[in-house]
Amino acid sequence: MAISDAAGYAGLGLKKNPSSPRTLFSSVMSVVATLCAVLAVIPLVAVLYYIIVRGLQYLSLDLFRQLPPPPLGDIGGFGNAFVGTLLTVGIASVISIPFGILTAIFLAEFAKDTNAPEENWIDFAVNILAGVPSIVMGTFAWATVVLLTGTFSAVAGGIALSVLMLPTIVRTATEALEAVPGSYRQASVGLGASKIDTVMKIVLPAAVPAITTGVMLAVARAVGETAPVLFTALFSQFWNRTIWEPTATLSALVYNFAQVPYPNQQNLAWAAAFVLVTLVLFLNILARFITRKRG
């Protein structure tokens, strides 16, 4: 009869031999794993600490109401960049969330276990998109949307970000739908509901918390992207009048102002970096909270 190690040692009065090769190997690997974890956390803590120390001291409500300053002027603000970030990410969400969820419904509910060629092609495309660098997405959006419309714009930036968000939404939504117990589907069909009614009224509502988590993670990634918006939305020193004109974002502002030799713009870049990191951190915490509530 098989006996667990802990129960066996306790019942037989045996103790681990600290000099045995297995015990030594386990101890060494535990130390190595601990050191690797510490080395991975140190850069994160250092970056967060530096951003908080340098950025928090310049943070105020006026930053969200004013425009970026000229060189050697006052500190100004990043109100247009904050609004532009919400605008581009909002456009990206409007595009990617419906397409991502519909794709996940097709993969999890209609194409699963059917050996349909469309499933393999969609899986292949999603895997490719997940591995494409963000700067390539920005170049693609520039070559299509920007050149087609003849202008940098929030729409172009939103389209570029939507392509980056799509793989995360598809993957998480597909897993969320597949995690719904099959008994839900069987009970719905047994009561006379159609396949579409079962998916839309039973399966999808049950998977909403997990899908929301994936959406939050995708939005968090889009908020912090720089390369796609540099190629598509570019930047602007003014408030947006329409979505079809160059648009400032927080990530582009940090990228531009961190390289200039003017202290006021550098200080604004630190404050914008603090706001940007706070947004990303908040979205990740919200995703974790939703996951825990679902559990």
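Every read-out reported here was derived from the displayed coordinates using simple, explicitly stated rules and does not represent laboratory data. Because the structure is a prediction, the values reported are computed rather than measured. Methodologically, a virtual Cβ is constructed for each residue, glycine included, from the backbone with ideal geometry; neighbour enumeration extends over all protein chains shown.
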Exposure proxy ranking, count of Cβ atoms within 10 Å, fewest first, for Trp270, Trp121: Trp121, Trp270
By counting other Cβ atoms within 10 Å of each Cβ, how are Glu118, Glu175 ranked from fewest to most? Glu118, Glu175
For the chain the mean separation of alpha carbon contacts under 8 Å (6+ apart) over residue count, i.e. relative contact order in percent, is 25
Would segment 174-295 count as rounded, prolate or oblate if I go by the C-alpha gyration tensor, calling it rounded below 1.5 in a/c and otherwise prolate when a/b exceeds b/c, oblate otherwise? prolate
Working out 0.36 nm times the residue gap between Leu72 and Ala206, then minus their Cα-Cα distance, what length gain in nm do you get to one decimal? 42.7 nm
Can you give the FRET efficiency for Leu24 and Tyr184, using 1/(1 + (r/R0)^6), R0 = 51 Å, r = Cβ-Cβ distance, to the nearest 0.05? 0.50
Which whole number of Å³ per residue matches the convex hull of the alpha-carbon atoms in the chain? 237
Net length gained if the chain between Val136 and Leu44 were fully extended (0.36 nm per residue, minus Cα distance): 30.5 nm
Which of the DSSP-defined H helices in the chain satisfy a minimum axial length of 15 Å, computed from C-alpha atoms, and a minimum mean Kyte-Doolittle hydropathy of 0.0? 21-56, 79-105, 117-131, 154-179, 204-223, 263-294
Using only the alpha-carbon atoms of segment 70-151 as identical scatterers, what base-10 log of I(q)/I(0) does the Debye formula give at q = 0.12, 0.18, 0.23 Å⁻¹? -0.60, -1.01, -1.18
Normalising by the residue count of segment 100-216, find the relative contact order in percent from Cα pairs under 8 Å and 6+ residues apart. 34
